[in-house]
């Protein structure tokens with residue numbers, strides 16, 4: 001098992017509209033399931049939906065476009081580096 005390496009990675013993503021992703025929604029790439037959403041919400045600072053999820057390691061790079069099945073509606077999202085909002089100097 002250890003020789004196989006990681007198969008899934010926890011990533012952050014932003015949704016291209018204001019719909020928040022929810023726990024359990026499936027994540028797809030090119031029509032195939034690659035993972036699932038673990039948590040999500042609407043970000044008032046970014047003015048879009050944000051979330052965390054586990055995806056196939058091959059599709060975990062920042063900038064990667066993914067699709068999320070939100071109760072029959074397809075959401076387009078982008079994998080991003082965390083944190084979602086960089087720390088601000090005080």
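Data table
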{"item": "Ranking of 27, 50 by count of other Cβ atoms within 10 Å, fewest first", "result": "50, 27"}
{"item": "Length released on extending from residue 36 to residue 10, taking residue separation times 0.36 nm less the Cα-Cα span", "result": "8.4 nm"}
{"item": "Å³ per residue enclosed by the Cα convex hull of the range 2-80", "result": "84"}
{"item": "Residue-span extension gain [residue 81 to residue 26] - 0.36 nm each, minus C-alpha spacing", "result": "17.8 nm"}
{"item": "Relative contact order computed over the chain (Cα-Cα under 8 Å; 6+ residues apart), in percent", "result": "33"}
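All of the numbers you see were taken from the coordinates with simple rules; none came from a lab. Keep in mind that what you see is a predicted model, and the values were worked out from it rather than measured. Virtual Cβ from ideal backbone geometry, glycine too; neighbours counted across all protein chains shown.
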